[in-house]
Amino acid sequence: MGLLTGKRALIMGLANDNSIAWGISKAFHAEGAELCFTYVGDAIEKRVRPLAASLGVDFIEPCNVDNDADIDNLMVAIKNRWGTFDIIIHAIGFAKKEELAGDYLNVTREGFRIAMDISVYSLTAVVKAARPLLNNGGSVLTLTYHGSQQVAQNYNVMGVAKAALEASVRYLASDLGPDNIRCNAISAGPIRTLAASGISGFKDLLKNFPDVAPLRRLVTQEDVGNMAMFLCSDLASATTGEIIYVDAGFRNVSVKI
Ligand code: NAD
């Protein structure tokens, strides 16, 4: 028996084997969860299918979260295949590359709208559509970054979006709690992924991080995957509305001497 045996998990945000969603998928699979993957666009689909196959998963659906019809179609597919399910992993974020460099105040109205829509509203949109299918004891998990709390150079509109995402987690936890469904976020340290490569200066952030972090190392997709597995398991049954850090302790250090 694994810690997630008998649980069905929707994994949104797998792009390739560097994705945080991949670390989560491997941990979930190891603990017995049944998985469904989503993808957006042909290029991502080509990468997701073999990864899914390597875990024996053939439940793969398209879903662009900027589109309510896609989200509704996804829920119809889940209802037809599973009836109900237990876990939503929302590992999705997007801002235009030009918004992730230079001064925050140069953000455009459209750039702000896109970042908020795809990185923030999508969590609520997916949870709203999924709610009738979510089982008692279910769990929703999203991914955030400490740029929501303190200024991280070049993170800009994504920092503002992550602050709104973290607030959404608390409101969703309040709405879902009476049905015994939990909602949390993991605030991950920097990890080299497709999304992260869009942030100007990200390589320098990675280079300097282990010098400051108490654990003197970067965090991995596996570190995040294991925490996600714990948070979505019944072991975390009274934890909701929380932002849990998986950052090797980085945010607790202000000045390194
Ligand atoms: P990634 O590029 O592997 O994953 C991002 C995913 O978002 C991709 O699968 C992409 O297809 C998906 N996506 C983008 N726009 C979408 C849309 N309109 N509809 C559906 N899916 C869409 O990168 P990642 O770093 O694994 O990102 C996962 C999450 O983790 C993001 O929310 C990111 O902000 C967060 N995060 C990342 C880091 C890091 O350093 N990599 C740190 C903290 C938090």
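Couplings 3J(HN,Hα) of the stretch 59-64, computed from phi: 9, 9, 10, x, 6, 8 Hz, in residue order, whole Hz [Karplus 6.51 cos²θ - 1.76 cosθ + 1.60, θ = phi - 60°; x for Gly and Pro]. List every DSSP H helix in the chain whose Cα atoms extend 27 Å or more along the helix's own long axis and whose mean Kyte-Doolittle hydropathy is at least -0.5. Qualifying helices: 157-176. Peptides 67-76, 13-22 ordered by packing proxy, namely the average of other Cβ atoms within 10 Å per residue, highest first: 13-22, 67-76. Report note on the peptides 98-106, 125-133, 85-93: ranked by the mean count of other C-beta atoms within 10 Å, highest first, their order is 85-93, 125-133, 98-106. Using a Debye calculation, one point per C-alpha and no hydration shell, please list log10 I(q)/I(0) for the stretch 76-162 at q = 0.13 Å⁻¹ in order. Evaluating at q = 0.13 Å⁻¹ gives log10 I(q)/I(0) of -0.51.
Using every pair of separate Cα atoms, the Kirkwood estimate puts the hydrodynamic radius of the chain at 18.4 angstrom.
Can you say what percent of the DSSP beta bridges in the chain, counting only those with both residues inside, are antiparallel? Round to 5. Percentage antiparallel, nearest 5: 0. For the stretch 144-224, taking the reciprocal of the average inverse distance between every pair of different Cα atoms yields a Kirkwood hydrodynamic radius of 14.1 Å.
Expressed as a rounded percentage, what relative contact order does the chain have, with Cα pairs under 8 Å and six or more residues apart? Contact order relative to length: 21 percent.
For the stretch 62-120, the Kirkwood hydrodynamic radius from C-alpha pairs, put into Stokes-Einstein at 4 °C and a viscosity of 1.567 mPa s, yields a diffusion coefficient of 95 µm² per second. Please work out the FRET efficiency for the pair Thr84 and Ala43, using the Cβ-Cβ distance as r and a Förster radius of 30 Å; give the result to the nearest 0.05. Once rounded, the FRET efficiency stands at 0.40. Each of Arg192 and Thr220 was given a label point 7 Å from its Cα along the Cα-to-Cβ line. The distance between the two points is 1.4 nm. Straight-line cross-link reach from Lys203 at under 25 Å between alpha-carbon atoms covers these lysines, not counting any fewer than eight positions away in the same chain: Lys96, Lys97, Lys162, Lys256. Extension gain, Leu235-Asp103: 0.36 nm per intervening residue step, less the Cα-Cα distance, totals 43.3 nm. If the segment from Ser200 to Ala69 were pulled out straight at 0.36 nm per residue, it would be longer than the present Cα-Cα gap by 43.8 nm. A cut-off of 5 Å between modelled amide H atoms, ignoring neighbours fewer than 5 places along the same chain, links Thr142 with His90, Asn184, Ala185, Ile186. A Förster radius of 22 Å combined with the Cβ-Cβ distance from Lys207 to Val151 puts the calculated FRET efficiency at roughly 0.70.
Readers should treat all values here as calculations from the given coordinates under stated rules, not as data from a laboratory. In this text the structure is predicted, and so the values were computed from the model without any measurement. FYI the Cβ positions are ideal-geometry reconstructions off the backbone, even for glycines, and counts take in every protein chain you see.
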